[in-house]
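**Student:** Sharing a structure here in structure tokens format.
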Amino acid sequence: MTRTLTALSARRRHPLAVVVLIALALVLVGGLYAAVAPRPAEASTATADADDLQAGKELFLANCATCHGLDAQGGEIVDGSGAGPSLIGVGAASVDFQVGTGRMPLQMSSAQAPEVPKIRFSQEQIDQMAAYIASLAPGPAIPGEDVLDMSDVTAQDVSRGAQIFRTNCAMCHNFAGKGGALTGGKYAPDLTGVEGKYIYEAMVTGPQSMPVFPNSTISPEDKTAIIAWLTQEEEFRPEPGGLPLGSLGPVSEGLLAWIAGIGLLVGCSVWLGMKSS
Amino acid sequence: MSEIERADEAHGQGSTALAKSGSGVPERFENPGLPPHRHRMGDVDPQAAKRAERQVAFMLLLSVLGSIGIIVSIIGIEYNGGWDRISTSTRAIGLCMFVSLFMLGVGAVHWAKTLMPDDERIDYRHRQRGTTAEREQAVAILKEGSAEAGLGRRPLIRNTLIGALALFPLPAVFFFRDTGPLPGNSLSVTMWEEGTYLVKDPTGGRIRAADLTYGTVVHVMPEGIDELEEPLNEKAKSAVLLMRLDEDLLTPKSAEWGVDGTVAYSKICTHMGCPVALYEQQTHHLLCPCHQSTFDVTQDCKVIFGPANRPLPQLPIRVDAEGYLQASSGFHEAVGPSFWERG
């Protein structure tokens, strides 16, 4: 920098001066923006203060109240607009899950809210809304770091997690966690690549069609074990069969057998019946 | 006269002269015969024959390589304790097996199609009926044999023979009887009885009724099932799904058999015995993953869709003095699919 500055003073109109000026201007604008713009949440689990509650309520009124009612008491169907369920007592975990995975705000009325990759709120805004909803009535809280810490998970824990998963989750989410169909267009989503926090929150809140698995029936340690099995799956359970075909079971295997297998047989039969040139 | 003749003479035998009737449509069609034989490239060009020979040899050689590949994959890819090696080994063995067998077949077919003689031959049918002399001889042999056996003259032997043959299959009934114990009433009853505690599956531990929030599902087994001699047989019958929903949604009978909206239903589908465990918390429907039978918990698990034809049996539950859930009686009917005695 000093060298650039001396160069500038030595030759007043150095050809690189414009470039340097633009760069400086960009740094200035960026710095100003960073100072003024909302900061990403650093202390998301900190107790919410009155400002956060107020901000959360404003965000709620602007984005959620149309369906969920002005006091989060649940909406009524007016002029064909959809009714949302009451949010009193759903807890902070529910808000963090629904908004953090992009399921809410609902894009359109359909069988179920899909996971959306583009999240329209910062984590701080989500936390403010969560704090507001949690202030209405007690409900499941956003899980802390202790239950999401996978560093001291043992192979035994992973095995136990897999066992609990097979009994409690696999009937909907598939034995490999790849998801599956429910009735009327609803489905259990694919769990690959889902953050541990959201898996935990889904278990304690029971979003949409999913039932609730509270900590009294599946303990936090067992939930950690399930998440460990789901998120460390690649390391502990790759495909011994060599060709998993998405681990969807008879659907993809049948498709391959019918199209490729029978296709090969048909091709061979046609070739057998052809006259040789 | 040989009944097989070279078809070359038959080629082009079709007659062009058709017996015409007045209307212009022939009265009968003449046998058009075989189309003229077309020679293959290999039949006329020694170069092409040589080329086909090399192709067949190449395919068979691929098969040889595939077979060697199977051996190499089995010996060469050693198991090092990691799953990735098993995956690689499975893939390599499978691929080599395919090449080995498929190229053997393809080579054989290509050989037959390109190099082996392909002229058509005619194999005329002969009469099925033997000559009169042959038929008379056969009848004579039968009559002679019957006379020599003397069954007609010796009724004692005939009757004991019939008796011996009739009784011969009878021991099989007793063999089958010994293949296993009769099921008895094991299909009709489960381990559940009055006072059996509900425990979580698979982690164990009794369930406190007050711990269950609305929308909660718990997969449940009877307490002490793992100490049984055959726990898996019992688990296949005794699995229960515990759900908590708003008590007002339940039928009166269903609510009475539950505790504050917590109800326990058999998890064994009444169609084919799959575990019915896909509980949709919002619609209160239970879905069987095997054949999509759907049960409505708010209508006492009545079948609302699919091939099952009986509702899921409900397990009556109550709480003990400390608030833990236990069965207030066993199932009132047999769980799972229909069987002969159940009707």
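**Student:** Evaluate the distance, in nm, between pseudo-label points positioned 7 Å from the Cα of B:V72 and of B:A172 along their respective Cα→Cβ axes.
**Tutor:** Between B:V72 and B:A172, the simple spin-label model gives 5.3 nm.
**Student:** Show which lysines lie in cross-link reach of B:K200 when reach means a straight Cα distance below 26 angstrom and same-chain residues fewer than eight apart are skipped.
**Tutor:** Within the straight-line limit of under 26 Å, B:K200 reaches these lysines: A:K178, A:K197, A:K223, B:K235, B:K237, B:K253, B:K267, B:K302.
**Student:** Pull up the cross-link candidates among the lysines for B:K113, meaning alpha carbon to alpha carbon under 22 Å and not fewer than 8 places away within one chain.
**Tutor:** Within the straight-line cut-off, B:K113 pairs with A:K275, B:K50.
**Student:** Could you give the distance between the Cα centres of the stretch B:324-343 and the stretch B:82-133, to the whole Å?
**Tutor:** First find each Cα centre; the distance between them is then 55 Å.
**Student:** Taking a quarter of the surface of the convex hull around the Cα atoms of chain B, what do you get in nm²?
**Tutor:** On the way: hull surface 169.9 nm².
In nm², the orientation-averaged hull projection of chain B is 42.5.
**Student:** Averaged across the residues of B:279-288, what count of C-beta atoms belonging to other chains lies within 10 Å of each residue's C-beta?
**Tutor:** Averaged over the peptide's residues, the number is 5.
**Student:** If each Cα of the protein assembly as shown is one equal point scatterer, what is log10 of I(q)/I(0) from the Debye formula at q = 0.06, 0.10, 0.13 Å⁻¹?
**Tutor:** Log-scaled intensity ratios, in q order: -0.64, -1.05, -1.40.
**Student:** Taking one equal scatterer on every alpha-carbon of the stretch B:132-177, how large is log10 of I(q)/I(0) by Debye at q = 0.19, 0.22 1/Å?
**Tutor:** -0.71, -0.78
**Student:** Where the centre of each part is set by its Cα atoms, how far does the stretch B:231-290 sit from the stretch A:113-192, in angstrom?
**Tutor:** Centre-to-centre (Cα) distance: 23 Å.
**Student:** On to the next question. Going from the alpha-carbon gyration tensor of the stretch A:145-238, what semi-axes, largest first and in whole Å, does one get by taking the root of 5 times each eigenvalue? If you can, show how the numbers build up before the last one.
**Tutor:** Details: eigenvalues 86, 46, 25 Å².
Over the Cα atoms of the stretch A:145-238, the semi-axes work out to 21, 15, 11 Å.
Here, each number is a calculation from the coordinates, and none is a lab measurement. The shown structure was predicted, so the numbers you read here are calculated from the model rather than taken from an experiment. Neighbour counts run over all protein chains shown; Cβ positions are idealised from the backbone, glycine included.
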